[in-house]
Amino acid sequence: MSDHFDTEDARTDLTDLYVFPVPGQPDRAVLILDFNPEPSPTELNVDPAASYELKIDTDGDLEADVAFHVLFTPTSGALATATLYHATGASARGSGAIGDVIAANVPMSIGEAAHVEHGAGYRFFVGIRSDPHFKDVVGFRNDFQFTGDDPVAKRNVIGIALELPTAALGASGPLRIWGRTVTDVHGERVTVDQAGRPGTNNAFNGSEEDVLEFDATPPTEQLSRFGDRFLAFLRSLGYSDEEAADLLPAYLPDVLTYDPTKAPGFPNGRRLTDDTADLLASLLTRGRVTSDLAGPHTDLLPDFPYLGPPHPGESPDTV
């Protein structure tokens with residue numbers, strides 16, 4: 001389901017990336033990076049050693065030219081504070097506490113109330129929220145026999161939401177945006193997950209080893225390392241060589257493209273209500289099935305941080 005559950009540690013497991021303009025304000029943009037598909041209201045849901053990052057390529061070379069990094073400091077129990085960094089130029093390709101501090105020690109929200117930090121043209125939020133991704137997960141696993149049942153609607157995630165002037169993204173467009181988590185694994189600093197387009201990793205990579213390898217591969221290397229594998233998968237679905245080659249650029253490299261000068265909506269960015277599961281169903285069935293019958297969640301907020309309040313209790317473990 002999307003890119004949920006594709007890493008070994010839920011705390012650094014990215015689930016979805018969203019990019020869209022503020023409704024009615026095309027000169028402002030929203031970036032949302034969700035992670036941890038099984039947060040607990042009583043336990044620490046973040047990795048204090050990790051850097052949670054939004055990377056933005058402004059010139060098409062798939063290297064970050066602008067970056068926003070979030071680092072967490074535990075306080076007590078499930079509580080933590082978040083500090084947001086902004087880096088540009090060569091620094092944007094690094095990781096961790098680099099660049100300028102945009103917001104420091106922002107309390108992480110764990111209840112219904114959303115603590116939003118304001119300042120210098122930015123709005124920033126971090127906290128447990130309801131998962132906005134919608135999908136008939138069981139139907140995808142059951143040979144596309146969809147009923148519209150959406151177990152994701154019962155789940156929570158940790159949401160990082162950032163609203164900023166569109167100009168701060170570094171260019172008027174097109175932009176290539178992805179999220180990643182970097183942390184310490186066996187004494188080595190490594191990338192453990194990345195998120196761009198919805199569902200690419202889990203749809204195209206079969207084994208756990210392939211999924212984890214894809215997680216750790218930067219966009220600059222994804223086409224050369226995974227292109228043949230992705231083409232083979234598309235051909236296995238019944239696409240011709242020519243059709244597979246035409247489809248491949250929509251999935252590799254795995255980055256979300258966003259042009260602020262064009263109408264929003266996936267694949268130009270991604271709004272919380274964009275039905276990407278329907279597009280995935282159509283791809284996997286070669287147009288035989290065009291909808292999973294699930295629709296957008298009804299608990300979304302009309303204003304920042306847009307993500308709905310968390311569902312009470314623990315997230316279900318059946319998805």
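The values are calculated or read from the model by the stated rules, or taken from the named source; none is laboratory data. Predicted model, so just to flag it, every value in this text is computed and none were measured. Positions of Cβ are generated from backbone atoms using ideal geometry, with glycine treated the same way; all protein chains shown enter the neighbour counts.
Give segment 152-170 a look and list any residue that's within 21 Å of the chain's Cα centre (by Cα) and more than 17 Å from LEU307 (Cα to Cα), or say none.
So the first thing to find is which residues in segment 152-170 are within 21 Å of the chain's Cα centre (by Cα), and the list is 152-166, 168-170.
Result: PRO165, THR166, ALA168, LEU169, GLY170.
Can you pull out every residue in segment 48-62 that is within 23 Å of GLU188 (Cα to Cα) and either touching a Phe, Trp or Tyr at 6+ places or on another chain (Cβ under 6 Å) or crowded, with 22+ Cβ neighbours inside 10 Å (or both)?
Step one: list which residues in segment 48-62 are within 23 Å of GLU188 (Cα to Cα), which gives 48-55.
Of everything in segment 48-62, those that are within 23 Å of GLU188 (Cα to Cα) and either touching a Phe, Trp or Tyr at 6+ places or on another chain (Cβ under 6 Å) or crowded, with 22+ Cβ neighbours inside 10 Å (or both) turn out to be PRO48, ALA50, SER51, TYR52, GLU53, LEU54, LYS55.
Of the residues that sit in segment 1-16 and are aliphatic (A, V, I, L, M) and either assigned to a loop (DSSP other than H, G, I, E, B) or crowded, with 23+ Cβ neighbours inside 10 Å (or both), which one is modelled with the highest pLDDT? Give the steps one after another, and end with the answer.
Filtering segment 1-16 down to residues aliphatic (A, V, I, L, M) leaves 1, 10, 14.
Of the ones still in play, those that are also either assigned to a loop (DSSP other than H, G, I, E, B) or crowded, with 23+ Cβ neighbours inside 10 Å (or both) are 1, 14.
Values: MET1: 43, LEU14: 97.
By that ranking, first place goes to LEU14.
Would segment 75-96 turn up any residue that is under 21 Å from HIS311 (Cα atoms) and modelled with pLDDT of 95 or more?
Initial filter on segment 75-96 (under 21 Å from HIS311 (Cα atoms)): 77-80.
The next check asks that each one be modelled with pLDDT of 95 or more; those that pass are 80.
Yes, there is a match, as at least one residue in segment 75-96 is under 21 Å from HIS311 (Cα atoms) and modelled with pLDDT of 95 or more.
Can you tell me which condition THR15 does not meet? The list is (1) closer than 30 Å to PRO151 by Cα; (2) over 18 Å from the mean Cα position of the chain (by Cα), and all the others hold.
(2)
Conditions first: (1) surrounded by fewer than 22 Cβ atoms within 10 Å (Cβ to Cβ); (2) not in a strand (DSSP E or B); (3) not hydrophobic (A, V, I, L, M, F, W, C). HIS133 passes all but one, so which condition is the exception?
(1)
Yes or no, residue by residue, for (1) of a type in the set (A, V, I, L, M, F, W, C); (2) under 25 Å from ARG155 (Cβ atoms):
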site: THR12; (1), (2): no, yes
site: TYR18; (1), (2): no, yes
site: ASP27; (1), (2): no, no
site: PRO39; (1), (2): no, yes
site: ASN45; (1), (2): no, yes
site: SER51; (1), (2): no, yes
site: LEU54; (1), (2): yes, yes
site: GLU63; (1), (2): no, no
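List every residue pair whose Cβ atoms lie under 6 Å apart, where the two residues are 6 or more positions apart in sequence or sit on different chains, the first residue falls within segment 112-128 and is under 9 Å from ALA82 (Cβ atoms), and the second residue, located anywhere, is charged (D, E, K, R).
That search, which allows pairs on different chains as well, returns PHE124/GLU117.
Check VAL19 against each of (1) part of a strand (DSSP E or B); (2) under 27 Å from GLY187 (Cβ atoms) and name the one condition it does not meet.
Unmet condition: (2).
So which residues in segment 63-80 are part of a loop (DSSP other than H, G, I, E, B) and surrounded by fewer than 16 Cβ atoms within 10 Å (Cβ to Cβ), if there are any at all? Spell out how you get there, then give the answer.
Start the filter on segment 63-80 by keeping residues that are part of a loop (DSSP other than H, G, I, E, B), which leaves 63-65, 75-79.
The answer is THR75, SER76, GLY77, LEU79.
Would you pick out the residues in segment 136-178 that are assigned to a helix (DSSP H, G or I) and either free of Cβ contacts under 8 Å to residues at least 40 places away in the same chain or not polar (S, T, N, Q) (or both)? Give the steps one after another, and end with the answer.
Applying the first criterion (assigned to a helix (DSSP H, G or I)) to segment 136-178 yields 137-141, 151-154, 166-169.
Selection gives VAL137, VAL138, GLY139, PHE140, ARG141, PRO151, VAL152, ALA153, LYS154, ALA167, ALA168, LEU169.
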